[in-house]
Amino acid sequence: MESTIIKSRNFNASFGTNHVVKNVNIDIPRNHIIAVMGPSGCGKTTYLRCINRMHELIPGATSNGEMKLNDEDVYQMHPIFVRLKIGMVFQRPNPFPNLSIYDNVIAGYKLNGVKLPKAERDEIVERSLTKVALWKEVKDSLNKKGSFLSGGQQQRLCIARTVAMEPEVILFDEPTSALDPISTSTVEELFHELKANYTLIIVTHNMQQAARVSDKTAFFFLGELVEYDETKTMFTNPKDQRTQNYITGRFS
Amino acid sequence: MAQLETELQSLKTEAVNMWSLVNSQLNKARQAFITFDKDLAREVVLKEKRVNGSELKIDRDCENIFALFCPVAIDLRFLLAVLKINSNLERIGDIAEGIAKYIIDAESPFSEDLLKVTRILPMYEESVNMLSDTQDAFEKEDTILARSVFKKDDFLDNVNRSSHKVLEEYIQKHPEETAQALWILSTIRKLERVGDQAKNIAEEIIFYLEAKVLKHKGKFA
Amino acid sequence: MDGKNIKFRLGKSYGFQGLVYVLAFACVIPLLAILYFIIKAGVTKINWHLLVNIPKPVNEVGGGIANALVGSIIIILVASVIAIPIGIMAGIYLSENRKSRLAYWCRLSTDILQGVPSIVVGIVAYFWLVRPWDLGPIHHKGGFSALSGSVALAIMMLPIIVRSTEETLKLLPDSLKEAALALGMPFHRVIFKVIVPVGISGILSGVMLSVARITGETAPLLFTAFGNPYLSVNIGKPMHSLPLLIFNYATSPYNDWHDLAWSASLILLIWVLFLNIFTKVITRKWKVQL
């Protein structure tokens, strides 16, 4: 029985007078991987950042409409709580450069002033790094700075940092566009493993990635959600002509 | 990419299953032919639905893999080969059904002389062997085995070519068995097509494994 | 392109190259000259006796610069205590709020303050803290004090600290802040636990630079700290400082005092040099590789 974890109804977002996300209605099922794709400037990243309320941090940014996490309106909750339940991984890997790998993973707790006994901290670090297939590679150099890892490893470290907070949903904003192909495919394999415990929403401008990785795909165009369907259907027989044009590359 | 590998593996399994299915159809038709067993023939006709269903499923799975994964190199050749082999197998299935239908409609078993002089039984056996060989070649990725299929086809062509003359003479000697003789001729044509399909399958296997296109070329490229 | 033309152009190129080198060297000459003269004149006079004694009355042999040395240290310390927290906070505010009205006025004030002559700052401090005033029941006694000198110097330190903090924090990528916010951190923690620690080397170098800047300021101290012939550590009372000592003694007719002035200059110079070198070392060591 799938339950819907994130629900949007009539959701709009703007930057000042620039109406970027128009009337989005979408149901995101639990423990699925949802890809959000579309050309540049179609509003997909803006919509993603509305889910965990990062959008409103930009001066002049507004939004309205319903955005529910487990039937609770995200905009009625305190943003801090929202972000504890909905984590985010960004395009450029951004581990904290002044912290060691160990401290990076536990940063969500440590920098928030949550004091945990060492055993529990060690356990969280090991568990999170194992989940992102990084534990074996770094377990002997946990005290080194995060910035000494390669791009792909740094991105996995950021994912470990997010996973350590045990969110319910993880948002990915073009997570592999700054990585080389091998790191990209390592991270993509990670998505399949993470699916078991989290719901993943991945914004990508790489259609092939959306096709390879996701269960359902949402296609945004000029701020509207044009089509939202099973990925297999979307890529073999899309219902909307705009989707077909985009997928076949008739326009970018 | 683990996902793609899983999908390709399951597609291979499906293709092999269809192979076995068609193989058993052809074999059963042969058994029915030899022993004039109409019940067995009816089984073959009924099972043809499964063959068709299998073809549709494999086609759809190939389409999905193409759409979702954009495979390249050997994966691409594998998928292209499987698509073609799929339709070849389905046609062989149709032929087996056709033979079975004849047996159901036939009024009496065939005369021994007729069978011997046309060499239809060895031809049938050889065509079944060709199909099994292609299956083995696919499963084991053995191009040498695949190539050996071409030579076997020579025998089938031989029987087919000589069948015209042989049957003409036979009908002149035994005009009462004309109907049977015509029927045997038709079956020989069908079996020759089975041989051709098997040869096409072998060419596709070599294309997939070696990227060599043997179609429309001499036999041993 | 004929040979003569090329030769001329090459010649011109070398000529300019030579000119650039000569002028660059010309920049180094003043520093070398200063170092040479001061070291030559002051190095022989430096000894423990000098550092530990206070100046003696005219025509008595001996004497030192102890009160000026201690005084300078105290005045600068108090100025730092006043200026650093305010400066860093203002810098953080400016880096976070680019467009608000307060930010505009703050930035404008800082820029103007940077250009205000030091003597004017001294006069302002004089009016605030040295002259007595009455505001209703509150009566400010007034009088020269080290505190007023520190306040004047703090006002001069502020623009440098604010600007360098703001610039350092502005250079930090947004992704750092976003990463912290996405982990559910409240804003004040993002600033103090993530942004400031990563930018600490830039902020610190700004602080060091401002200290180096005010070390030698004389004009504001002329009518605030005023000077004191005796060793004092009371910041409510007048206090001596090295620049004041140099100012007074170098223009006096006595040779003893000239010697003291030279040695004080040398000490000041060493102090400033050391601060700059220290800043560079710390900046490199604590710089976070982004």
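Pick out the one residue from B:K47, B:K57 that is within 17 Å of the chain's Cα centre (by Cα) and within 28 Å of B:E203 (Cα to Cα).
Of the residues listed, the single one that is within 17 Å of the chain's Cα centre (by Cα) and within 28 Å of B:E203 (Cα to Cα) is B:K47.
Pull out all pairs, ordered by first then second residue, where Cβ-Cβ is under 7 Å, the residues are six or more apart or on different chains, the first lies in segment B:129-147 and is closer than 18 Å to B:S24 by Cβ, and the second is of a type in the set (F, W, Y) and assigned to a helix (DSSP H, G or I).
Correct list of pairs: B:Q135/B:W19.
Wholly within segment A:44-112, which helices (runs of 4 or more DSSP H) include no fewer than the required count, namely at least 1 residues that are under 16 Å from C:R189 (Cα atoms) and within 11 Å of chain C (Cβ to nearest Cβ)? It would help to see each step written out before you state the result.
Values: elements: A:44-51, A:79-85, A:101-105, A:107-110.
The qualifying helices (runs of 4 or more DSSP H) are A:79-85, A:101-105, A:107-110.
Scan segment B:116-133 and give yes if some residue there is among the basic types (K, R), over 15 Å from the mean Cα position of the chain (by Cα) and surrounded by 15 or more Cβ atoms within 10 Å (Cβ to Cβ), otherwise no.
Yes: one or more hits.
Counting residues that are under 30 Å from C:I191 (Cβ atoms) and within 14 Å of chain A (Cβ to nearest Cβ), which helices (runs of 4 or more DSSP H) fully inside segment C:51-153 reach at least 1?
Qualifying helices (runs of 4 or more DSSP H): C:66-96, C:101-115.
Scan segment A:206-225 residue by residue and report those that are assigned to a strand (DSSP E or B) and touching a Cys at 6+ places or on another chain (Cβ under 9 Å).
The first filter runs over segment A:206-225 and keeps only residues assigned to a strand (DSSP E or B), leaving A:216-221, A:224-225.
A:F219, A:F220, A:F221, A:E224 - these are the residues of segment A:206-225 that are assigned to a strand (DSSP E or B) and touching a Cys at 6+ places or on another chain (Cβ under 9 Å).
Kindly check whether there is at least one residue in segment B:187-202 that is among the acidic types (D, E), farther than 24 Å from B:Q135 by Cβ and touching a helix residue (DSSP H, G or I) at 6+ places or on another chain (Cβ under 7 Å).
Scanning segment B:187-202, I find no residue that is among the acidic types (D, E), farther than 24 Å from B:Q135 by Cβ and touching a helix residue (DSSP H, G or I) at 6+ places or on another chain (Cβ under 7 Å), so the answer is no.
Considering each of C:P238, C:P253, C:P243, C:P229 in turn, give the residue that is over 21 Å from C:A154 (Cβ atoms) and in contact (Cβ under 8 Å) with a residue 40 or more places away in the chain.
Every option except C:P229 fails the conditions.
From the set of residues in segment B:22-38 that are surrounded by 20 or more Cβ atoms within 10 Å (Cβ to Cβ) and in contact with a Leu (Cβ under 7 Å, 6 or more places away or on another chain), which is nearest to the other protein chains (Cβ to nearest Cβ)?
B:V22
Taking segment A:130-152, which residues are away from chain C (no Cβ under 12 Å), within 23 Å of C:L181 (Cβ to Cβ) and assigned to a helix (DSSP H, G or I)?
If the condition is that a residue be away from chain C (no Cβ under 12 Å), within 23 Å of C:L181 (Cβ to Cβ) and assigned to a helix (DSSP H, G or I), then A:K131, A:G151 are the ones that fit.
Regarding A:L179, is this residue assigned to a strand (DSSP E or B) and within 20 Å of A:T45 (Cβ to Cβ)? Spell out the reasoning first.
On the way: assigned to a strand (DSSP E or B): no; within 20 Å of A:T45 (Cβ to Cβ): yes.
It is false that A:L179 is assigned to a strand (DSSP E or B) and within 20 Å of A:T45 (Cβ to Cβ).
Going through segment C:213-223 one residue at a time, which ones are closer than 15 Å to C:L158 by Cβ and crowded, with 18+ Cβ neighbours inside 10 Å?
C:I214, C:E217, C:P220, listed by residue number.
Anything in segment C:217-273 that is of a type in the set (D, E) and closer than 27 Å to C:G142 by Cβ? List them, or say none.
The initial filter retains those residues of segment C:217-273 that are of a type in the set (D, E), namely C:217, C:256, C:259.
Result: C:E217, single match.
Are there any helices (runs of 4 or more DSSP H) wholly within segment C:182-278 with 3 or more residues that are within 14 Å of another protein chain (Cβ to nearest Cβ) and over 30 Å from A:V169 (Cβ atoms), and if so which?
C:196-215
Check segment B:1-21 and report whether any residue there is crowded, with 16+ Cβ neighbours inside 10 Å, under 22 Å from B:A137 (Cβ atoms), more than 14 Å from chain A (Cβ to nearest Cβ) and polar (S, T, N, Q).
Checked segment B:1-21: no residue is crowded, with 16+ Cβ neighbours inside 10 Å, under 22 Å from B:A137 (Cβ atoms), more than 14 Å from chain A (Cβ to nearest Cβ) and polar (S, T, N, Q).
Taking into account only those residues within segment B:65-84 that are within 14 Å of another protein chain (Cβ to nearest Cβ) and over 25 Å from the mean Cα position of the chain (by Cα), which is surrounded by the fewest Cβ atoms within 10 Å (Cβ to Cβ)?
Among those residues, the one meeting the criterion is B:V72.
Within segment A:229-249, identify whether any single residue is assigned to a strand (DSSP E or B), more than 13 Å from chain B (Cβ to nearest Cβ) and either crowded, with 19+ Cβ neighbours inside 10 Å or within 17 Å of the chain's Cα centre (by Cα) (or both), and answer yes or no.
no
Could you tell me which residue of segment A:31-82 is surrounded by the fewest Cβ atoms within 10 Å (Cβ to Cβ), considering only residues that are closer than 23 Å to A:H205 by Cα and among the β-branched types (V, I, T)?
Only one residue tops the list, namely A:I58.
If the Cβ limit is 6 Å and pairs must be 6+ apart or interchain, which residue in segment A:12-38 that is without any contact (Cβ under 8 Å) to a residue 40 or more places away in the chain pairs with which residue that is assigned to a strand (DSSP E or B) and not hydroxyl-bearing (S, T, Y)?
A:D27/A:K7
Each reported figure results from applying straightforward, stated rules to the coordinates on display, with no laboratory input. Since this is a predicted model, take the numbers as computed values, not measurements. A quick note on method: Cβ atoms are made from the backbone with ideal geometry, for glycine too, and the neighbour counts reach across all protein chains shown.
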